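Heads up, the thing below is written out as structure tokens.
The values are calculated or read from the model by the stated rules, or taken from the named source; none is laboratory data. Everything quoted here is computed from the prediction, not taken from an experiment. Methodologically, a virtual Cβ is constructed for each residue, glycine included, from the backbone with ideal geometry; neighbour enumeration extends over all protein chains shown. Calculation scope for accessible area: heavy atoms of the full protein, side chains included, ligands and nucleic acids excluded. Shrake-Rupley method; radii C 1.70, N 1.55, O 1.52, S 1.80 Å.
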Amino acid sequence: MIWNNLKIAFRNLWRNKIYSFINLFGLAIGLAGCIVLSLYVIDEYSYDKHNKNHSRIYRMNTSVKMNEFELTHPTSSPVLAATLIEDFPEVIDATRILQLFEPTVIEADGRGFTENNFYWTDPSIIKIFDLQILKGNGEQSLKNLYQVIISEKTALKYFGSIDVIGKQVKMDDSGESQAYTISAVAKDLPYNSHFHFHFLTSIKTHFKNEVTSYNNDGAYTYVLLDEKANAEAFVEKVPGLVKKYIEPSLKAYKKMSLEDLEKQGDYYRMFAMPLTDIHLHSNSIYELEKNGDINNVYIFLFSSILILLIACINFTNLSTAKSAQRAKEIGVRKSLGSSRKRLIMQFLSESILLSFVALLVALLLVELMIPIVNSLLDKELGELYYSTPNLILLFLGIALFTGLFAGSYSAFYLSKFDPAKVLKGNLKSGNGKSPLRQSLVSFQFCITIFLFVSTLIAHQQMEYIKQKNLGFDKEDLLIVRNVQKLRSKEVFKTAFLNSSYVIDASLSNNIPGSFYDGCSLWKTSGDDKKPYSTRFTTADFDFAKTMGIKMAKGHYFSKDRASDKAGLVVNEALVKDMNLTNPIGTVLKTPMGIKTIIGVVKDFHFVSLHMKIGSLIFLHPEGLPQSHLAIKFHKHQKKEVLNLLKYNWDQQASGFPLDYFFMDDKFASLHKSENNTMLLFSIFSILSILITCLGLLGLSSFTTEQRTKEIGVRKILGASNFSILKMLNKDILKWMLFAIIITSPLAWYIMNNWLEAFAYRTTIEWYIFIISGATAMILAMATISWQAWLATKKDPVEALRYE
Amino acid sequence: MQFYLARQLALEKQTYKLKIMIITKDLCKVFRTEEVETSALHDVNLHIQRGEFAAIMGPSGCGKSTLLNIIGLLDNPSNGSYIFNNTDVTKKSEKQRTHFRKGNIGFIFQSFNLIDELTVFENVELPLIYMGLTASKRKAKVNEVLDRMNISHRAKHYPQQLSGGQQQRVAIARAVVTDPNLILADEPTGNLDSSNGTEVMELLKELNHSGTTVVMVTHSVRDSEYADRVIHLFDGKVVSENKHKQIKREPIKEEL
């Protein structure tokens, strides 16, 4: 019977080629989109699960609010690890990681490499993160100072071999070159790990004496719980640590108790985060690596379901619309003794067959889509796709469900036909005006318009961020790193200032987008004794000029004014934060001594646009370190300046590798991942619109076919082609208007919430809704009119000849 | 004298021209499919006068409906010429034919061809909408014609709710609502029982008496007896034309 069903199913699909094609193609796109998006979601959820201990590992996070400054960061005090082992019997091991703030340069075999993933850690990292040691002795390899474990890929990159035990690498350590001896080679952590080390060295190398203060909170602390431990109880106990260990130092340092802090609306909290939550639920700017975003996962999961739903609706619509065509077959079968159940089985076999064929097409499409998605999201979905044979079961499941879901309505509907009526031919069905079909179509348009609106708004936000005035001029700005390595950075700078290609050049310790150190400030007059936190930087006298930073009040440091040495330049955010009514001349206490404010710069974005501009102070540059040279050059002279840079670097660097970038590229890369997510989302919106239009095309070709007689009669009575086009479009326009009215407020609400997450956000313009609605309407009308036009071209006599 | 005769002849020709509504000359229609070429009409020459009631008879497939479609400006002939109301309409575009048709020709079909989604009133109103009449004028005209056809009590019903005879009356109402000069009926009683059929034929006769030209295709000899003239078609050719002048004057009421 199944074979018979399949045979008939296949013939039916073959006979109605256009409908089958539309169904097949729509379902295939829907399934492919769904599969790719589920691969993405599965991949995002797979992070850190490769670690056999993953369910027992927690990271200690800190959440702080001080005045205007609010931050959750994934680090805690380096003392905490030992404390946790001591205080909690369930914690059987703990490890800490310290990372570099800025990329450093590592020399190996006489060559230099820019390196970012150099971590200081405890030997227990090997056990906790299940590191596989390929060469050397694991546990012993971090016992002594200046020993390093190198990752397999890094060893191959630096030495071309993994037989590197005993070899040395040199790294800059507080201005001195320090040699490290390789004691082990470890396998790289898989791509779906929340961090990837290249070098691991003992944390003792960093802290020459063991730290005892809780003031420092720069360590990533991970604990391993006992197998029998009650993890929930542990998580609940962690916040209590603050009272016991943090409050004493808070009292000593800020003269405040935890209660005082809470009273003024601030807080200091600590919490344990499961390892497997880190990738999707932790998005601090201080993560070891940029993590994923649970919201993206939800958005993609939701879109994949929507896309599949749209394809299923097409299927249901087309098959019920086609019902009149099949009514006779159903009548004959029933009168010959087929039970309703058997008919249902037959129709379901048809839809399941179709959805399996669609799955085959979808798998081909997936092959094409994976490289695109990989490059957009910086993923390796292919690895997941090909290495997990069980996934095919999931896909088969999705296809089976799709077939059942899409086919069930029409199966139950068609099988209900009364054979007597059907055979007499007075079954009135499929005139294209069924309310169910029309409401399903308008539901599809709700989805489409929603996707349209949200894509447009998201796009507008990205543009807004791109176009936003950064407060400094990022164009034609070349940044050279590691200038402290040169024989003379001043000579190097002068070489550029003397060039006709260069407008200005400035040496500074930080540049916008890099890491800024923080410190505290105090007022020296008035009752306000509380500390204010701020970021600080040093930059030479040409900095404001080179960066195009404007002064709001006072003046920037000048070489010619000796009095500037005791001065301080601050930004507007600080003036506002500290509530300084007359900033110029205000005396502040800083960790660098008592300073007087001589100038206020207008706010500029010194970190990513995801964050509000915080307070910042500029210290007088004399005698302070500078590691960056910023070069402002004339437009269109990029190439010349680069040649000049290479020449001058070789003159000064004695073999140290050159590391440079253009500021506009850097800012573009800061938002690259959002842009790519955005692009992917747009692609899926377009796909959903495509499927919707495909369905509408099928439905309208069917509707016009059904109304051929009516169109013929109307034409004989003198209707013009235009009035017929109008008639055929009228219904759908009504439903679309309904869809627009329903969807717009919903889309506004959801997107407004989404925008709330941005520190700087665009406003939702009313015309976005008009554009989306109009576009959807034009697409729908074009689809329908195409079919209708063909119908009006038909000879009315033909239409009436065959009854 | 010769001059007088010539003038008389010309005058006669002119009045004849005015009296004649439909002239077909060597009308041919060929249907082509990929493989077969079927000649539906072959050199048909017809003159139908204003106010005439003509019936076209013949076996199935003889070209009756094709001829009616060409006369009704729904179709163009393959060859020959067709003069309608003194205008050569042989090679008119579809748009022009629609224009000629509007308000001039009413159609009645065997299967009624009412639009299922529209009520009786709306069905009858349709041609008036296409003629561009205002709503109040349309309403007046539709009500008047529904009254005349004796179906005004059914105005708000849908076609499926009516009997066959009632449906055909609606179709006739729709055909005459524009006061056409010509009514073309394609087997108007084909789907009706005999009493409903007679009713429809009586209506057509009445319309004819009030001055409307009627051309009707029929299989029924009895229906053909209502006509002034019966044109017999066979294999696309006119084989004979009989006049029933007396029948027109003395309808066969007694027979019923």
Drop in accessible area of at least 20 Å² in the complex versus isolated chain, residues of the range A:693-739, 1.4 Å probe: A:709, A:710, A:713, A:714, A:715, A:716, A:717, A:718, A:719
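Express the relative contact order of the range A:547-660 as a whole percentage, based on alpha carbon pairs under 8 Å and six or more residues apart in sequence. Write out the running numbers ahead of the final one.
On the way: 131 pairs, mean separation 32.7, N = 114.
For the range A:547-660, the relative contact order is 29 percent.
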Return an integer: the convex hull volume of the alpha-carbon atoms of the range B:18-59, in Å³ per residue. 82
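What is the sum of charges, Lys and Arg at +1 and Asp and Glu at -1, for the other residues whose Cβ falls under 11 Å from the Cβ of residue A:720?
Working: positive: A:714, A:715, A:726, B:95, B:102; negative: B:94.
Result for the neighbourhood of residue A:720: +4.
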So the pair-distance distribution of the protein assembly as shown, from every Cα-Cα distance in 10 Å bins, comes to percents of 2, 8, 13, 15, 14, 11, 8, 7, 7, 7, 5, 3, 1, 0, 0
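Over the protein assembly as shown, what percent of the accessible surface lies on carbon and sulfur atoms, probe 1.4 Å? List each step's numbers first, then the result.
Details: 27620 of 48860 Å².
Looking at the protein assembly as shown in its full context, I get 57 percent from C and S.
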Hey, can you grab everything whose amide H is under 5 Å from the amide H of residue A:567? Only 5+ residues off in sequence or another chain; H modelled, so Pro and N-termini drop out. A:596
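Quick one: compute the contact order of chain A, relative version, from alpha carbon pairs under 8 angstrom and 6+ residues apart, as a percent.
Working: 1321 pairs, mean separation 121.9, N = 803.
Relative contact order, chain A: 15 percent.
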Using +1 at the C-beta of Lys and Arg and -1 at the C-beta of Asp and Glu, which of A:98, A:40, A:695 has the Cα lying farthest in the positive direction of the dipole of the protein assembly as shown? A:695
The range A:12-94, Rg to Rh (Cα coordinates; Rh as Kirkwood inverse mean 1/r): 1.39
Would you be so kind as to identify all helices of chain A, as entire DSSP H runs, whose Cα atoms reach 20 Å or more along the helix's own axis and whose mean Kyte-Doolittle hydropathy is at least 1.6? A:294-321, A:340-377, A:391-414
Compute the accessible area per residue over the range A:54-281, keeping the other protein chains in place, probe 1.4 Å, unit Å². 44
Given bins 5 angstrom wide, list per bin the percent of all Cα-Cα distances in the range A:54-281, short to long. 1, 6, 13, 17, 17, 15, 12, 8, 5, 3, 1, 0
Which residues of the range B:76-117 end up with at least 10 Å² less accessible area in the presence of all protein chains than when their chain stands alone, using a 1.4 Å probe? B:94, B:98, B:101, B:102, B:107, B:109, B:111, B:113, B:114, B:115, B:116, B:117
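Please give the peptides B:141-147, B:190-196 ranked by average Cβ packing (other Cβ atoms within 10 Å per residue), highest first, as a rough proxy for protection.
Values: B:141-147: 17.9, B:190-196: 14.6.
Going by the mean number of other Cβ atoms within 10 Å, highest first, we get B:141-147, B:190-196.
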Surface accessible to a 1.4 Å probe, per residue, for the residues of the range A:672-803, Å²: 47
If each part is reduced to its alpha-carbon centroid, the range A:472-497 and the range A:118-144 end up apart, in Å, by 39
What nm value, rounded to one decimal, do you get for the distance between residue A:386 and residue B:140 when each label is placed 7 Å out toward the C-beta? 8.3
Sorted by chain and number, the residues with a modelled amide H under 5 Å from that of residue B:49, at a separation of 5 or more or across chains, are B:21
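Restricting to Cα pairs below 8 Å that are 6+ residues apart, what does the relative contact order work out to for the range B:84-167? Please round to a whole percent.
Details: 43 pairs, mean separation 28.7, N = 84.
The value is 34 percent.
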How much length would be gained if the chain were fully extended between residue A:168 and residue A:517, taking 0.36 nm per residue of separation minus their Cα-Cα distance, in nm to one decimal? 122.6 nm
Pair-distance profile P(r), taking every C-alpha pair of the range A:44-135, with 10 angstrom steps and integer %: 12, 32, 36, 17, 3, 0
Over both sides of the B-A contact, add up the buried accessible area with a 1.4 Å probe and give it to the nearest 100 Å². 1800
The alpha-carbon center of the range A:660-720 and that of the range A:316-347 are separated, in whole Å, by 33
Those aspartates and glutamates that a straight Cα-Cα span of less than 17 Å connects to residue A:726, excepting residues fewer than 8 apart in one chain: A:705, A:710, B:117
Rounded to whole Å, give me the distance from the Cα center of the range A:578-640 to that of the range A:218-250. 38
Taking the Cα atoms of the range B:28-155, report the difference between the largest and smallest coordinate on each principal axis, in whole Å and largest first. 48, 32, 31
Nearest 10 degrees, 0 to 90: helix B:194-209 Cα axis against chain B principal axis: 60
Violations at 31 Å Cα threshold for listed pairs A:485/A:612; A:715/B:139; A:485/A:576; A:208/A:545 -> A:485/A:612; A:485/A:576; A:208/A:545
Hydrodynamic radius (Kirkwood) for the range B:111-179, which is based on Cα pairs only, to one decimal in Å: 11.6
Apply the Karplus curve 6.51 cos²θ - 1.76 cosθ + 1.60, θ = phi - 60°, to the phi angles in the range B:139-153 and return the couplings in whole Hz, x for Gly and Pro. 4, 4, 5, 4, 4, 4, 6, 5, 4, 4, 8, 6, 10, 5, 5
Summing -39500 (n - 2.57) over the DSSP H runs of n ≥ 4 in chain A and dividing by its residue number, what mean residue ellipticity at 222 nm do you reach, to the nearest 500 deg cm²/dmol? -16500 deg cm²/dmol
Which aspartates and glutamates have a Cα lying under 19 Å from the Cα of residue A:65, excluding residues fewer than 8 positions away in the same chain? A:217, A:247, A:259, A:260, A:262, A:266, A:287, A:517, A:528, A:577
